[in-house]
1. I'm checking my understanding of the structure. Among residues of segment 249-267 that are touching a residue at least 60 places away in the same chain (Cβ under 8 Å) and hydroxyl-bearing (Ser, Thr, Tyr), which one is nearest to Ser151 (Cα to Cα)?
2. Which one of Val633, Val622 is farther than 15 Å from Thr552 by Cβ and more than 29 Å from the chain's Cα centre (by Cα)?
3. Taking segment 164-185 on its own, how many of its residues are more than 16 Å from Leu252 (Cβ to Cβ) and either crowded, with 17+ Cβ neighbours inside 10 Å or without any contact (Cβ under 8 Å) to a residue 12 or more places away in the chain (or both)?
4. I need the strands (runs of 3 or more DSSP E) fully contained in segment 158-271, keeping only those with at least 3 residues that are closer than 30 Å to Thr323 by Cα.
5. Select from segment 257-314 the residues that are farther than 14 Å from Asn547 by Cβ and either touching a Cys at 6+ places or on another chain (Cβ under 8 Å) or hydrophobic (A, V, I, L, M, F, W, C) (or both) and list them in ascending order.
6. With respect to Lys82, is the statement that it is part of a loop (DSSP other than H, G, I, E, B) and crowded, with 24+ Cβ neighbours inside 10 Å true?
7. Within segment 544-553, identify whether any single residue is under 30 Å from Leu397 (Cα atoms), in contact with a His (Cβ under 8 Å, 6 or more places away or on another chain) and not hydroxyl-bearing (Ser, Thr, Tyr), and answer yes or no.
8. Can you confirm whether segment 452-474 contains a residue that is over 30 Å from Leu377 (Cβ atoms) and either touching a Leu at 6+ places or on another chain (Cβ under 6 Å) or not hydrophobic (A, V, I, L, M, F, W, C) (or both)?
Amino acid sequence: MPFNPFSTLLQNNRSKRRRVLFGCILAASVLLVVCLIWLKVRPDTTPVPFIDENLLSSLPSKDASNIDMSHLAPGVTPPTNKWFSGLALQKVPKTVFPTPLALTPSESSFSFSLPVVKTTANTLFNTQPQPVTVMIKSATRYRITRYDELSVDLSYSNGDKPLGVLTITAGSPYIYFHALQSTQLTATGAGGTVTTSETTGSIVGNQGKTKVAGFNGVSITHDTTSLTATLPGDGLVSLYALPASMTSDPLLTSAGNRITETSVSYKKETSDYRTSIHLVTANGQPSYLGLLPHQTNPVHESFSYDTLYGKQRQVKGSDITFTTPSIPVSDSLKLTNLNEADKALLATTLRRDINATTFVAEDTYFGGKELYRSAQLLTLAKQLGEDTIADTIQQKLRHELNTWFMSTDNRTKKDFYYDTKIQGLVGETVAFGSEEFNDHHFHYGYIIYAASILAKYDTDFLTQYKPMVDLLVADIANYRDDEKLPLRRNFDPYFGHSWASGSAPFNDGNNQESSSEAINAWVATSLWAQQTGNSELLTESGWMLSNEVEATNAYWLNFDPNTAPYKDGYTHSLVSLNWGGKRDYTTFFSAEPSAMLGILLIPMNPTAVYQTSLGDRISQQVDEAITGSNYDVQFGDFILMYKALHNKADTLDKAKVFPDTLIDGANSRSYMYAWIMSQK
């Protein structure tokens with residue numbers, strides 16, 4: 001066949017096109033496979049809801065609290081269990097203590113002061129010897145329009161006509177009033193000398209110096225008893241106070257940097273948790289924030305205030321950080337070194353306690369303690385290899401938690417409802433004002449702890465009731481701020497501990513008595529996070545636990561009456577009840593010394609062995625709580641266990657004769673023995 005160059009060229013082009021086409025198909029196939037693999041293995045960045053809203057909506061719902069909402073703007077979630085709850089949730093607003101200042105609002109004014117600490121034998125308290133009252137011209141009411149974990153806005157108005165916004169922040173030495181239209185503020189002090197320059201004013205008395213600074217066109221005038229600030233729209237007045245002994249004014253240069261909001265972040269480091277508080281200001285410039293004794297920060301402070309909780313070091317910045325030691329979480333005691341006699345005694349006692357276990361309480365506090373007690377018995381039985389009695393208590397615990405969690409048409413007294421007004425979970429049978437959102441972290445900590453232990457041995461329980469337990473966790477420790485249950489209802493990241501009162505109907509601020517039950521709550525949420533693989537909850541729980549322990553050591557259990565500003569007067573080695581505005585050696589339920597210590601120990605879960613670090617303080621506190629060697633008192637079981645952390649001698653012998661009738665509902669003879677036996 002004669003050679004045809006055009007035919008050869010055509011064939012070569014066809015072959016080339018086929019190769020190109022094949023290559024394109026191959027490349028597309030590879031790209032498709034890669035995309036499919038990437039879609040399968042890439043991390044899902046969509047936030048996973050923590051709350052099962054379908055479950056939440058299926059619960060009975062009602063409004064059973066008497067909490068007043070008249071000071072909340074529409075759409076604002078009721079701020080229960082906050083340092084400022086008393087000005088937000090009371091018809092007649094109460095004094096709050098952002099520290100170093102104290103503030104009391106009314107519908108047309110507010111009063112503030114720099115408290116002076118006084119001491120008696122049983123109480124440390126803030127006195128307000130020279131409050132300054134600030135009248136807001138034409139104001140007829142205030143409403144809470146915004147808040148976050150540290151700051152809160154009170155918006156003043158004349159009817160529906162807005163006048164200005166008052167902002168107070170925990171730890172800040174400043175109070176800000178930002179005008180929304182032209183208005184006047186008149187500040188009157190209790191005695192003192194009044195002076196002004198063009199844009200600043202002072203009221204100076206024996207106890208301190210109150211300062212008023214104006215910005216954005218504000219002018220300040222005075223007469224013999226008062227200061228008057230005339231504010232244009234967008235005008236700003238900053239108010240603060242300095243100790244009488246301070247000759248300089250370090251706060252004036254930053255007084256115009258109005259704090260508009262704050263945020264809190266945290267992370268786990270090697271052996272600590274680092275907390276960062278971010279201050280957002282209207283002009284982007286730094287402000288001041290005070291650090292309390294539990295907040296470790298190497299930055300040198302500018303100056304300090306003597307406060308009810310010790311020296312508050314003022315640090316200038318926009319991001320202020322501090323660290324707290326990490327606390328190892330454990331769900332079991334160390335029983336590996338028990339001798340045969342102790343093992344036999346413990347096994348015999350355990351059988352008796354398990355066989356006698358019943359559940360009679362119908363409220364979330366005493367019912368929660370019964371569940372917690374059973375969970376500790378289950379753990380002990382598993383540790384000792386007592387399979388038969390372990391099965392017995394596991395079945396009892398599962399049945400009781402079923403009763404609490406199972407949704408039925410015939411609701412029982414052991415049940416929960418959703419409070420539509422306050423936005424939270426409440427036990428049907430109330431205790432200690434739980435319908436007013438008191439003590440939820442105490443109550444639910446016991447229940448969450450029990451659920452965590454059962455889930456460890458019962459995967460069906462975990463699968464069936466995880467959403468319900470998550471709701472209880474979210475009621476007290478939600479780590480999400482965009483859900484129907486609020487962010488961290490109880491825990492305060494500035495003061496480092498939780499607040500127990502829901503609406504704080506007290507002029508001494510909010511309060512917390514049983515810091516140990518708050519600690520138990522964060523241990524419980526840590527254990528639940530471990531069982532459910534929830535890394536966000538685990539980090540948050542560990543962070544709250546580290547702060548609550550550090551604050552408890554600083555302000556409850558490790559009190560030093562010889563440090564400023566206390567010096568003398570208070571005669572005890574612990575503080576059993578802390579408020580925003582006072583600190584007491586007392587409890588809500590008993591005047592006995594054993595109650596003062598015991599309420600700071602209960603329920604002594606295995607994680608509580610960290611208290612060993614208190615050393616000689618343990619013996620000092622036990623001696624104060626117990627008369628002679630008589631442990632037959634309320635919380636005597638926990639006090640014996642506490643003593644064993646520092647001096648184990650004779651504690652087991654005393655435990656053996658401790659009356660059954662005095663063993664606390666969250667404890668058992670078995671666990672008391674096991675705790676003492678496990679100490680070195």
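The values are calculated or read from the model by the stated rules, or taken from the named source; none is laboratory data. The shown structure was predicted, so the numbers you read here are calculated from the model rather than taken from an experiment. Every residue, glycine as well, gets a Cβ built from its backbone with ideal geometry; the counts of neighbours run over all protein chains shown.
1. Thr262
2. Only one candidate qualifies: Val633.
3. Within segment 164-185, residues that are more than 16 Å from Leu252 (Cβ to Cβ) and either crowded, with 17+ Cβ neighbours inside 10 Å or without any contact (Cβ under 8 Å) to a residue 12 or more places away in the chain (or both) number 14.
4. 161-169, 236-243, 259-268
5. Listed by number, the residues that qualify are Ile259, Leu279, Val280, Ala282, Leu289, Val299, Phe303, Leu308.
6. Yes: the conditions hold for Lys82.
7. Taking segment 544-553 and keeping what is under 30 Å from Leu397 (Cα atoms), we get 544-546, 548-549.
Checking which are in contact with a His (Cβ under 8 Å, 6 or more places away or on another chain) leaves us with 548.
Next, from what is left, pick out any that are not hydroxyl-bearing (Ser, Thr, Tyr): 548.
Looking for residues that are under 30 Å from Leu397 (Cα atoms), in contact with a His (Cβ under 8 Å, 6 or more places away or on another chain) and not hydroxyl-bearing (Ser, Thr, Tyr), one finds at least one in segment 544-553, hence yes.
8. No, there is no match, as no residue in segment 452-474 is over 30 Å from Leu377 (Cβ atoms) and either touching a Leu at 6+ places or on another chain (Cβ under 6 Å) or not hydrophobic (A, V, I, L, M, F, W, C) (or both).
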